[in-house]
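The block underneath contains the structure these notes are about, expressed in structure tokens.
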Amino acid sequence: MQSAAKFIFVTGGVMSGLGKGVTTSSIAKLLQLADQRVSCVKIDPYLNYDAGTMNPVAHGEVFVTEDGGECDMDIGNYERFLNQNIPKSHNITTAQVYASVIDAERRGEYLGACVQIIPHITDEIKRRIRAIAYGEDKNNGFGDSDRGNGNGNGGDSKPRFLIVECGGTVGDIESLPFLEALRQMRIEEGPHNVLFVHVTLAPELDVVGEQKTKPTQHSVQELRRIGIQPDFIAARCASPLGDKIKQKIAMFTNVTPQDVLSCHDAGSILQVPQMLHEQGIMDSIYTKFGIFGMLNTYSNWDRWNATVKSMTHPGKDPISIAMVGKYVTLADSYVSVNHALKHAGASISRPVNIDWIDSESITDCSALSKYDGILVPGGFGTRGSEGIIDTATYARQNDIPYLGICFGFQLAAIAFGRSVLGLEGANSTEIDPDTPHPVVDLLPEQKNVSEMGGSLRLGSNAISISEGTMARKVYGGAAQISKRHRHRYEINAEFIPALREKGAIFSAESDSGRRMEILEIPSHRFYMGVQFHPEFNSRPGFPEESFAAFVRAAAESADGRAGSSAAGGGAA
Ligand code: GLN
């Protein structure tokens with residue numbers, strides 16, 4: 001018989017944006033620090049099949065998994081907290097569930113039954129969660145990591161704990177079938193195997209400075225109305241929840257005061273596991289699950305504390321980075337890039353300040369001269385592309401460290417084509433289908449693709465790095481790496497010989513040399529474009545190599561600048 005998995009279901013009340021993802025990741029982290037096999041699942045009750053077609057400015061970044069899922073950005077939080085890969089099956093949406101049920105109905109599998117939300121949709125939701133928990137999904141992403149970068153595909157090992165976050169807010173029509181499925185699972189798996197954590201808000205009104213409990217009371221009432229009694233309340237608040245407030249919430253929500261957890265503002269989300277631990281969440285989880293005699297895990301905690309400290313106290317002498325792109329109006333649209341820069345800065349004890357600059361607003365690049373490094377992240381479409389091309393040229397001509405990711409790589413090659421090869425009007429056919437010099441063109445296999453969803457070149461692919469290149473050094477001498485992709489266009493093979501002749505080095509390739517993966521300019525102090533998305537592999541304590549090299553180069557540039565201005569000051 002299968003040994004039971006333990007499930008922790010995280011629901012949300014009052015409003016969105018309270019940090020359910022951080023609560024979920026933090027609980028998972030605490031279990032991992034206790035040497036438990038753990039993974040996370042995100043339920044997104046929206047009707048999109050996945051996050052791939054969603055606008056990053058409205059919904060935050062699309063996070064790409066190793067196995068090519070275009071997922072909600074919470075999956076990125078789980079990966080970064082756990083230092084563990086999460087497969088795409090761990091992001092469940094309404095569309096996926098309905099698609100399976102409708103397909104089964106068309107195949108006649110319901111044998112004449114009337115197909116309904118309960119039980120058919122709820123059964124499919126439970127089936128998907130159990131497939132992950134009981135290891136039917138071999139690519140289940142469990143691993144006892146925290147020990148290296150990018151590990152954690154534990155093959156067929158099963159998790160002991162699965163933390164499932166249900167997106168949305170209790171009371172939403174869309175999330176009802178999911179909450180119903182979770183409610184059923186508590187009965188079916190047994191109450192000792194299922195816990196509910198409800199994340200709410202305890203707002204503080206400025207005038208009186210008192211933390212209010214009513215929103216929490218109401219949202220728990222709503223949850224109980226659909227049959228779910230939470231075991232824990234995690235209340236978001238500006239300052240720590242007072243004991244009296246905890247008692248009041250406890251009384252109204254039928255939870256013990258000890259299980260009302262204060263999730264107050266912290267300097268870094270990485271401090272939340274410690275915050276929850278100090279309030280005794282682990283003892284309570286073990287007691288409720290009937291688990292005793294947990295292992296001594298001081299060494300795990302020492303490692304994690306050192307990582308958190310490096311991230312929260314990154315030293316003095318900040319490095320300033322300009323991030324030039326199209327979706328810069330919402331910090332969350334490039335959340336993994338932002339984190340990756342901070343991971344890299346922490347590894348050399350330097351804080352990284354990031355200025356987001358809308359490429360559409362760039363008219364004169366000289367404003368970029370004050371930055372120690374310029375990063376152009378991924379992007380799609382025409383808007384703002386000229387500003388990015390000018391930025392790529394400016395960084396190249398002024399020897400400012402440059403890291404171009406995906407779109408930033410493609411447009412750097414176009415910038416090189418225009419200004420070094422004199423290819424006037426060079427462009428990507430994505431931006432200008434009639435360009436006389438299509439330096440970047442559609443991937444050949446994309447020519448007949450008509451569907452937009454899930455049809456890009458996605459997920460992890462093997463890349464070969466040429467000997468004697470900067471890329472080889474950056475990747476620690478590795479001849480082969482594997483990185484995540486998300487693109488439809490690539491460097492057009494026709495232009496590669498001419499670009500190479502004028503000094504552009506394509507130092508890494510994939511698919512037996514058919515696709516260019518890294519561009520570098522050896523005469524420059526650090527100029528690198530990558531067709532892949534290195535940001536998705538960066539983790540606290542384990543910065544992705546290209547980010548680490550870029551930030552190191554930017555730090556040197558900052559130091560050089562400080563040195564020369566000090567010298568200049570002395571002379572004057
Ligand atoms: N729009 C480009 C492409 O599809 C780049 C994509 C990206 O930056 N993720 O190839």
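The values are calculated or read from the model by the stated rules, or taken from the named source; none is laboratory data. All of these numbers come straight from a predicted model, not from anything done at the bench. Here the Cβ positions follow ideal geometry from the backbone for every residue, glycine too, while neighbour counts run over all protein chains shown. Note: accessible area is taken over every heavy atom of the protein model, side chains too, but ligands, DNA and RNA are not part of it. Shrake-Rupley method; radii C 1.70, N 1.55, O 1.52, S 1.80 Å.
The alpha-carbon atoms of the chain define a convex hull whose volume equals 183 cubic angstrom per residue.
Using the Cβ-Cβ distance between S268 and E467 with R0 set to 41 Å, the FRET efficiency from 1/(1 + (r/R0)^6) comes to roughly 0.55. Annotation: amide H-H contacts under 5 Å for R539 (H modelled 1.01 Å from N, sequence separation of 5 or more, or interchain): E544.
For A234, the residues 5 or more places off, or on other chains, whose built amide H falls under 5 Å of its own are H198, V199, T200, L261.
In terms of Cα to Cα distance under 26 Å, which lysines are near enough to K248, apart from those fewer than 8 places away along the same chain? Cross-link targets: K20, K212, K214, K288. Ordering V420, H90, I269 by the projection of their Cα atoms onto the charge dipole of the chain, which places +1 on the Cβ of Lys and Arg and -1 on the Cβ of Asp and Glu, puts I269 at the extreme positive end. Checking the cross-link pairs K6/K126; K126/K483; K473/K502 against a 25 Å limit on the alpha carbon distance flags K126/K483 as lying beyond it. DSSP assigns beta bridges within the chain; of those with both partners inside it, close to 35 percent run antiparallel.
Measuring how big the stretch 395-507 is from its alpha-carbon positions, Rg and Dmax come out at 15.1, 41 Å. Which percent of the accessible heavy-atom area of the chain goes to carbon and sulfur, probe 1.4 angstrom? Its accessible area is 52 percent carbon and sulfur atoms. Taking amide H as placed 1.01 Å from N in the peptide plane, the amide H of V164 sits under 5 Å from that of I8, F9, V10, V41, each at least 5 places away or on another chain. Using every pair of separate Cα atoms, the Kirkwood estimate puts the hydrodynamic radius of the stretch 19-118 at 15.1 angstrom.
Using a Förster distance of 30 angstrom, determine the FRET efficiency expected from the C-beta separation of E109 and L443, and round it to 0.05. That gives a FRET efficiency of 0.25. Calculated on C-alpha atoms, the gyration radius of the stretch 1-48 divided by its Kirkwood radius gives an Rg/Rh of 1.04.
Quick one: go through the stretch 306-348 and flag any residue whose amide nitrogen is under 16 Å from the point 7 Å out along the Cα-to-Cβ line of D364. Residues passing the 16 Å test: none. Shape class for the stretch 390-461, computed from the alpha carbon gyration tensor (a ≥ b ≥ c): oblate, with a/c not under 1.5 and a/b at or below b/c.
The overall shape of the stretch 459-542, judged from the alpha-carbon gyration tensor, is oblate: a/c is not under 1.5, and a/b is no greater than b/c. Note that the stretch 169-178 has calculated 3J(HN,Hα) couplings of 10, 4, x, 5, 4, 4, 8, 3, x, 5 Hz, one per residue in order, obtained from phi through the Karplus relation 6.51 cos²θ - 1.76 cosθ + 1.60 (θ = phi - 60°); glycine and proline are x. A Cβ-based charge dipole, computed about the Cα centre of the stretch 39-117 with Lys and Arg at +1 and Asp and Glu at -1, lands at about 160 debye.
Roughly how many Å² is the accessible area per residue of the chain, as a whole number, for a 1.4 Å probe?
For the chain, the per-residue accessible area is 40 Å².
Whole-Hz Karplus values for the stretch 101-114 come out as 5, 5, 4, 5, 5, 5, 7, x, 6, 8, 6, x, 6, 7 Hz, taken residue by residue from phi with 6.51 cos²θ - 1.76 cosθ + 1.60 and θ = phi - 60°; glycine and proline positions read x.
What the phi angles of the stretch 414-424 give under the Karplus curve with 6.51, -1.76 and 1.60, with θ = phi - 60°, is a coupling list of 5, 4, 5, x, 5, 8, 9, 8, x, 7, 5 Hz, glycine and proline written as x.
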